[in-house]
Amino acid sequence: MSKLSEPEIAARLPMARGWERHGDMLVRTWQFPSFRRALEFVNQVAALMEKAEHYPDVALSYRTVRIELSTHDVGGLTDRDFDLISAMIEIPTDR
């Protein structure tokens with residue numbers, strides 16, 4: 001797995017709606033109506049991470065979830081990060 005070039009990242013960013021670029025990582029924060037719903041979301045994301053064998057940083061604080069995506073072993077963004085974002089789009093966040 002190799003780190004994506006700047007043009008490759010720029011080409012993929014439009015599909016990462018809601019995510020912000022912070023240097024060599026993509027970051028997104030969600031607010032949920034309850035702690036329980038936030039935890040359910042984290043568990044759903046964790047299942048995707050396990051399946052992909054890709055483990056970004058996840059922070060849960062009451063009703064807030066923050067995910068920081070980067071491929072640690074290459075020190076930047078890779079296809080794995082954008083693939084995980086694509087999979088996460090399927091998780092409902094509005095209930």
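The values are calculated or read from the model by the stated rules, or taken from the named source; none is laboratory data. No experiment lies behind these values; they were computed from the predicted model shown. We place every Cβ from the backbone using ideal geometry, glycine too, and count neighbours over all the protein chains shown.
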field: Among the candidates 59, 46, 38, residue that is assigned to a helix (DSSP H, G or I), in contact with a Lys or Arg (Cβ under 6 Å, 6 or more places away or on another chain), at pLDDT 95 or above and not hydroxyl-bearing (Ser, Thr, Tyr)
entry: 38
- line: If you go through 21, 28, 36, 12, the only one that is more than 13 Å from the chain's Cα centre (by Cα) and under 15 Å from residue 82 (Cβ atoms) is 12
- prompt: Which of the residues spanning segment 59-76 are touching a helix residue (DSSP H, G or I) at 6+ places or on another chain (Cβ under 6 Å), among the aliphatic types (A, V, I, L, M) and farther than 11 Å from residue 42 by Cα?
  reply: 69
field: residue 29 vs. criteria touching a residue at least 24 places away in the same chain (Cβ under 8 Å), surrounded by 15 or more Cβ atoms within 10 Å (Cβ to Cβ), outside any helix (DSSP H, G or I) and of a type in the set (S, T, N, Q)
entry: no
message: For segment 9-19, which positions are surrounded by 11 or more Cβ atoms within 10 Å (Cβ to Cβ) and without any contact (Cβ under 8 Å) to a residue 12 or more places away in the chain?
response: 10, 11, 13, 18
